[in-house]
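Comments concern the structure below.
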Amino acid sequence: MANVTNVKSKFFGAVDGLDADGISVAATIGSATTLTLGGTLTSGGSYTSGDNIGQLITILSAADDSGITFTIVGTDAVGDAQTEVLTGANTTTATSSGYFNTVTSITTSAATAGNVSAGVTATGTGTVFAGRTRIRGMQGLSGTSAGNLLFKNTSVTGTTLLTVPTQAAAELIEPYIPDNAVLFDAGAYVNFGSAVATVTVFYDG
């Protein structure tokens, strides 16, 4: 009898490195308005991360912006619309709780106290499958630094059930996974940074 399975694949693109002004360069905002999205990570007035990857958005304030908010509008790692209202920081960085694949606008609730810039952290996450699944295998390339490719249960901040170490070179990522695979009973989520260039994950779907 033929071996019939429900194995599917999902590709995850590269994660952008830490960049405090990659989305919007430093500027003082004189009123409630939309920041200019013109940093080196943007194109055509918006930001897009790697395929199926979400990244945390940062707002760096040179002065005290704790009394205003920044509304971030875009999409999450699976393409659903996402909006977050982020409270500004006092001479430091405020970081979103949501992971964004795209950012189409960032709007202030009032004038800023000094220069502000918008960027990303160096960690990306993605959803392999949002329900019970097994990870059967993967293939990809390591990135610019050694590190780990993490697969988590339940959510992007859940328990790590599978760790794949990578080397600091463009080497093949193709770990051996036993025939019964690795069970994720509440969804499988991937988490990585510059240790991974790209990866395709094979899973039950």
Fill in the blank from the handout: Note on ALA110: of the conditions (1) out of contact with any strand residue (DSSP E or B) (no Cβ under 8 Å at 6 or more places or on another chain); (2) surrounded by 14 or more Cβ atoms within 10 Å (Cβ to Cβ); (3) modelled with pLDDT under 95, unmet is (3)
Completion exercise
Exactly one of VAL15, VAL25 is crowded, with 18+ Cβ neighbours inside 10 Å and farther than 25 Å from GLY126 by Cα, and that residue is VAL25
Problem - Filter pass, ALA94 being over 30 Å from ILE135 (Cβ atoms), in contact with a Gly (Cβ under 7 Å, 6 or more places away or on another chain) and of a type outside the set (S, T, N, Q) - result: yes
Practice task
Within the range 145-163, track down each residue that is under 18 Å from the mean Cα position of the chain (by Cα) and either more than 19 Å from VAL15 (Cα to Cα) or crowded, with 17+ Cβ neighbours inside 10 Å (or both).
Solution key: GLY147, LEU149, LEU150, PHE151, LYS152, ASN153, THR154, VAL156, GLY158, THR159, THR160
Handout entry: Selection within the range 47-94 - surrounded by fewer than 15 Cβ atoms within 10 Å (Cβ to Cβ), closer than 30 Å to VAL201 by Cα and not acidic (Asp, Glu)
Key = VAL78, GLY79, ALA81, THR83
Handout entry: Contacts under 8 angstrom Cβ, first residue in the range 27-41 being without any contact (Cβ under 8 Å) to a residue 24 or more places away in the chain, partner among the hydrophobic types (A, V, I, L, M, F, W, C) and surrounded by fewer than 15 Cβ atoms within 10 Å (Cβ to Cβ), 6 or more apart
Key = none
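The values are calculated or read from the model by the stated rules, or taken from the named source; none is laboratory data. Keep in mind that this is a model prediction, so the values were computed, not measured. Every residue, glycine as well, gets a Cβ built from its backbone with ideal geometry; the counts of neighbours run over all protein chains shown.
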